[in-house]
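The values are calculated or read from the model by the stated rules, or taken from the named source; none is laboratory data. Small disclaimer: the values here were computed from a predicted structure and weren't measured. Here the Cβ is made from the backbone with ideal geometry for all residues, glycine too, and neighbour counts use every protein chain on show. Heavy atoms of the whole protein, side chains included, go into the accessibility calculation; ligands, DNA and RNA do not. Shrake-Rupley method; radii C 1.70, N 1.55, O 1.52, S 1.80 Å.
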2 protein chains.
Amino acid sequence: MTFFRLLLATLLLTVAPAAFAGETVSSPDGRLTVTVDVNGEWRPFYRVERDGKPVITDSRLGFLLTDQDKLERRLAVVGSSRASHDETWEQPWGERRFVRDNHNELTVRFEEQSDAKRKFGVVFRVFDDGIGFRYLFDDASMGQTVRIAEELTEFNIAQDGTAWWIPGGEWNRYEYLYEQTPISGVSVAHTPLTLRMADGTHIALHEAALVDFAGMWVKRTTGANFRATLAPTGSGAARAVRDVPFATPWRTILVSDNAAGLAMSDIELNLNEPNKLGDVSWFKPHKYVGVWWGMHLAVESWGSGPIHGATTANVKRYIDFAAKNGFEGVLVEGWNVGWDGDWFFNGSLFSFTQPYPDYDFDELARYAAKKGVPIIGHHETSGDIGNYEAQLEAGLDLMAQHGVKTIKTGYVTDACNLRYVHADGIETRECTESQVMQRHHLKVVTEAAKRHIAINAHEPVKDTGLRRTYPNWVAREGARGMEFNAWGVPPNGPSHIPTLAFTRMLAGPMDYTPGVLSLEGRGQPLQMTQARALAEYVVVYSPIQMAADLPENYAKYPKAFQFIKDVPADWSESRVLDAQVGDYVITARKDRNSADWYVGGVVDEQGRDSRVSLSFLDPGRTYRAQIYRDGPSANWEGEARFDIIIEEKRVTAADTLDLRMAPGGGFAVRLIPLKR
Amino acid sequence: MTFFRLLLATLLLTVAPAAFAGETVSSPDGRLTVTVDVNGEWRPFYRVERDGKPVITDSRLGFLLTDQDKLERRLAVVGSSRASHDETWEQPWGERRFVRDNHNELTVRFEEQSDAKRKFGVVFRVFDDGIGFRYLFDDASMGQTVRIAEELTEFNIAQDGTAWWIPGGEWNRYEYLYEQTPISGVSVAHTPLTLRMADGTHIALHEAALVDFAGMWVKRTTGANFRATLAPTGSGAARAVRDVPFATPWRTILVSDNAAGLAMSDIELNLNEPNKLGDVSWFKPHKYVGVWWGMHLAVESWGSGPIHGATTANVKRYIDFAAKNGFEGVLVEGWNVGWDGDWFFNGSLFSFTQPYPDYDFDELARYAAKKGVPIIGHHETSGDIGNYEAQLEAGLDLMAQHGVKTIKTGYVTDACNLRYVHADGIETRECTESQVMQRHHLKVVTEAAKRHIAINAHEPVKDTGLRRTYPNWVAREGARGMEFNAWGVPPNGPSHIPTLAFTRMLAGPMDYTPGVLSLEGRGQPLQMTQARALAEYVVVYSPIQMAADLPENYAKYPKAFQFIKDVPADWSESRVLDAQVGDYVITARKDRNSADWYVGGVVDEQGRDSRVSLSFLDPGRTYRAQIYRDGPSANWEGEARFDIIIEEKRVTAADTLDLRMAPGGGFAVRLIPLKR
């Protein structure tokens, strides 16, 4: 029975302080409004409206604690404060050089109407394209340490509609094909969770600045109502433990008229702290090649033996290839001892300092330096965090001593089976999003930064915009990558990238490792056209972009390969020109180091006739358009995958390009301004 | 990336022991077949087929542990054993006197193909109407103590269809209206979770014998695939901690052609241990009245003051009413000190030994004994388990000394906010299904049994058939009860009971507290007809049945009240004659203490013309049928609720009764054999 709540609310009304009315705060353009209040049961809630229409209906705020009463009812609003902010800041690298942070802020203070009089605050920041909010535990009334059993924040979506999601907390981490279901068909999902309400409004739920806290999954309760659920931990009953004062990560809700608006939001970055590393000019966005795709084709091996990939000779071959074609790094996987046993189940086998005998790291470092092509290091942990942390500094030192500027880390194990060793020697199993894992990732990133090394984490925790604060955390995997095209059942398929662009990629840069122009996996074809393979370099953003195919394969397609050689990995501007989640996306980006623009389009198995207005170009200027597009017979199946037309045109901002995308196809365009 | 699994599987094939083929076991009637095996990744799984068609497709087995590697892959089948069982046992009380336990059993032994060679077993029992299975941890290879972070058992339903469910782990425990959605629209659900596949096959997922383990919720992952998720605990990282050897609770899957088959299954009881209490003849099924509905109408109060319900005079009035009308108990809520403060948030206020001054327990005990109507005790804890356990024995002693034979316990607080005090004094917050809460409930039940007291838990943990082992655990709430008709928003509505009958009630007896013939709540009408109010005594099974209305209201409806006086609370047989989940249910039961039969029918807001064959009656015998049915204008709204026809007929087993159920209506029939 629960009607006691009603009785209690009545009682409390008589003892509560002078009631604050519901507080509201609007976006700078006035379209989005957030209201914060307590309901008739003295439970705090917020809601979000856009143009006066509900987007998020009354949604509760609060926490379950392991050692204190639930913090969620008997709460009164006892104060509020406001601020506004409009600033433009510069990224060291990114999708755009300058980012505007324009928002209105409301902080609401709650106090429990009990003897304990526990107090906390919630800060809302309202941007034109969404909101972020976080809890502030900054009062001694909460005790010295807050032990959070569960977060109770709700996200009640105002309408049903369509959702694109992957299941949260399941064994294969984020590496699932996206589900497209009714919003009312989501279960427990990872974020970003992307929703399109029946009226067409696009919403994405995510978090920003996940630091020293458990990662958030969102769990649908009933209908289109969701609430937060924090990743469990093997370390204790509390999913997050923090000493007061602290703030939780930001809970973010992007709101847009269309898919493009989601992809162009900078809220994720704006809610993170500014760069803490100072001068990070030691990291330069770049493209790279590496000893990698051959393993997934099973023509090379990580472990030692006759087809060992990381041999001195083979790596020299890659260095030569990189130097010849302008790539600025060679990834080498399988270079270190540990791959020959039951490594998937025993990460303790890995040494981060001992190369295989046939990998002469000193010689290769000299060769790489001579050729001007750094080696990209690789630290596969197999999820044994204890083993990795014990060797972390020595392992990073070895890389730094050998001229390595970027390290790809790996955490191949099941989602909640990471082996963590605590300071007291206790060993626990942890989820990808456990609080202690967030500490681990930041430890790796900051230790790497001391050595001017950038980190590209695979099987990572999801991105929450921390690249702003730690600009050497340059990219991550965190979704089904190219390797699933080699051996995945099923492979990624034509709709994967048009979905990723509005789900995983809302979080931040992804090391998808595109560019397999041979369009062939391990006994199965890639489900795309060759023009599409090029387009992915524009559509999928990362400051490090692999050219994943084997050098001998690139030799077969020199004309298409030219685009991969040309396309930059750093941009001054990025715009999604046209898109539907899961169907297609057309993106234009401007090179940060020249006046060139690039346009990429990808489409699902339906294909699409697209008309691309070039109005983003400088007016009055003529450009050479180098166009890589699907040929008339192109299709994602069979020989038709290779039907590509490469042509050049003169265009201006007044022009429109008619670019037919074949089923599973796409296009890539480079636009070079003619010298005046 | 995950393709390493494929490599590993290949490696393991070469070292695995002589492979056992997939083991299968079938039900006694041969229709249901369970197959147990390991898949190509050496992950154990089971599947269930019925008549050769899939019901549960390949579904994995396993566990996440907090301090050991996940136990779920690299596993080989290294042995199996089989048994068959056919026994009929007698219940001390129940829906039927004799229960047949007829099943075939398969135990499969798994061994990890690793250095640790961890071993465990899974036992499957296959009945004609479903299966149960549990894990056996009985080998030292698992270490002394197993710390379970999560159970990974999957339940992959072979087809989409319709689901009836309530959300698992949300604040209001089990007290939600049931959702009816596609199976692919479930999120995290409590069990029993009831499903009807597209082909009409009915399935219910639940568990049996939940003892010293965390309760199981089921979480949909994607599509129609579910997996177990154990209730978290505030006590540690592990959701269940047990020393070897132990067995988990049984995971149960009922499978039936129709709704009736689910409701008539005895699997839940058959998977529990036999009676551990010995002679339990001290508990007799009975009907009772009490000081209760007046509080929900807000005309009486739990706390002291001018409308205090539990006064000596008022309770005497109820005792008189009970004695006069044949009820064998008077529930008294609000008798003890603790209700006057902020009790909802502070269960420590409750004394279980100190009555309010205006409640003369000694005098009432004498009066009750004289009238032959025991008082039914009440222990509201407000979820403060520490406070209750500290007073438990004294509180039970007080009740026993005052002739109390049944105690209603209460745990009114939010689902995961129960205050538990451990042996070392540490205080944690616990979920309704936490492992330590299971220990608490059994402690109360066994302490009560020592004093020959029965327990009726409200805001309980779900029933898992433990009444077989502890027959004094006679009933529970565990769903939205009658009080929601007093003040619930919305009230329970016409479809609630036709849904409960195939969801909550699959678990066991429910103290729904029917019989509000006045059909009026606190400012809102009950959404049912008066005939329906009677029918609920037959449809909703409990060995204790309240007549919940105020005595003065029963005085207004003496003819209808006669049925409540007549209907028994103990049965020798029970049959669901016709039903559709959520729409209607017609149930026949035979009195355990006479040759009378009773039939009850309830229907949702659609109404229904029903034809009830009386073929269950003794052939060749004539019965007086006392029929309480909806009148021609009857309807769940307005004055039409009171349109009831009470009539008598002579019938035999060859007859059929045409009984129209009005929208939100029903019927109740008593069938009395004429003396030969």
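Here are the numbers for the structure shown:
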item	result
Percent carbon-and-sulfur accessible area, the protein assembly as shown, ignoring ligands, DNA and RNA, probe 1.4 Å	48
Nearest-ten-degree value, helix A:385-401 long axis tilted from longest Cα axis of chain A	50
Solvent-accessible surface ranking, highest first, for A:V25, A:V241 at 1.4 angstrom	A:V241, A:V25
Other-copy label distances relative to B:E363, 7 angstrom Cα-Cβ extension, nm	10.4
Copies compared at B:A394 - label distances in nm, ascending, label defined 7 Å from Cα in the Cβ direction	6.2
Label-point separation, A:D609 to B:D139 (7 Å along Cα→Cβ), nm	6.6
Accessible surface, per residue, of segment A:357-458 when the full set of protein chains is kept, probe 1.4 Å, Å²	32
Residues in segment A:415-456 occluded by at least 30 Å² - accessible area, probe radius 1.4 Å, against chain by itself	A:C416, A:N417, A:R429
Surrounding net charge for B:W250, when Lys and Arg each add one and Asp and Glu each subtract one, Cβ distance under 10 Å	+1
Sites matching trypsin sites (Lys or Arg not before Pro) across segment A:529-598 that sit in DSSP coil, with at most 16 neighbouring C-beta atoms within 10 Å	A:K556
Relative contact order of chain B, defined on C-alpha pairs under 8 angstrom at six or more residues apart (%)	11
Distance from segment B:317-355 to segment B:164-222 (C-alpha centre basis), Å	34
Computed accessible area, A:E430, all protein chains, 1.4 angstrom probe, square angstrom	0
Solvent-accessible area buried by pairing A with B, both sides, nearest 100 square angstrom, 1.4 angstrom probe	5600
For B:G132, net neighbour charge (Lys/Arg +1, Asp/Glu -1) across residues whose Cβ lies under 12 Å away	-3
Members of segment B:49-67 that become less accessible by 40 Å² or more once partner protein chains are added (1.4 angstrom probe, chain alone as reference)	B:L64, B:T66
Lysines with Cα under 23 Å of A:K443, excluding same-chain neighbours fewer than 8 positions away	A:K276, A:K284, A:K405, A:K408, A:K462
Relative frequency of Cα-Cα separations exceeding 16 Å in segment B:90-178, percent	76
Cα-derived Rg to Rh of segment B:427-574, Kirkwood definition	1.00
Shielded residues, segment A:223-263 - accessible-area loss of 20 Å² or more between chain alone and all protein chains, probe 1.4 Å	A:R227, A:G234, A:A237, A:R239
Solvent-accessible ranking of A:W282, B:W473, largest area first, probe 1.4 Å	A:W282, B:W473
For A:S256, solvent-accessible area (1.4 Å; no DNA, RNA or ligand), Å²	10
The protein assembly as shown - Cys residues lacking any other Cys C-beta under 4.7 Å	none
Solvent-accessible area per residue for segment B:497-603 (1.4 angstrom probe, square angstrom)	22
Accessible area (Å², per residue) of segment B:23-271, counting only protein heavy atoms and a probe of 1.4 Å	28
For chain A, size of Cβ-based charge dipole, Lys and Arg +1, Asp and Glu -1, in debye	1180
Largest-first ordering by accessible area, 1.4 Å probe, given options B:H422, B:H441	B:H422, B:H441
Positive minus negative residues near A:K219 (Lys, Arg vs Asp, Glu; Cβ under 12 Å)	0
Position B:E273, label points 7 Å along Cα→Cβ, spacing to each other copy in nm (shortest first, one decimal)	5.5
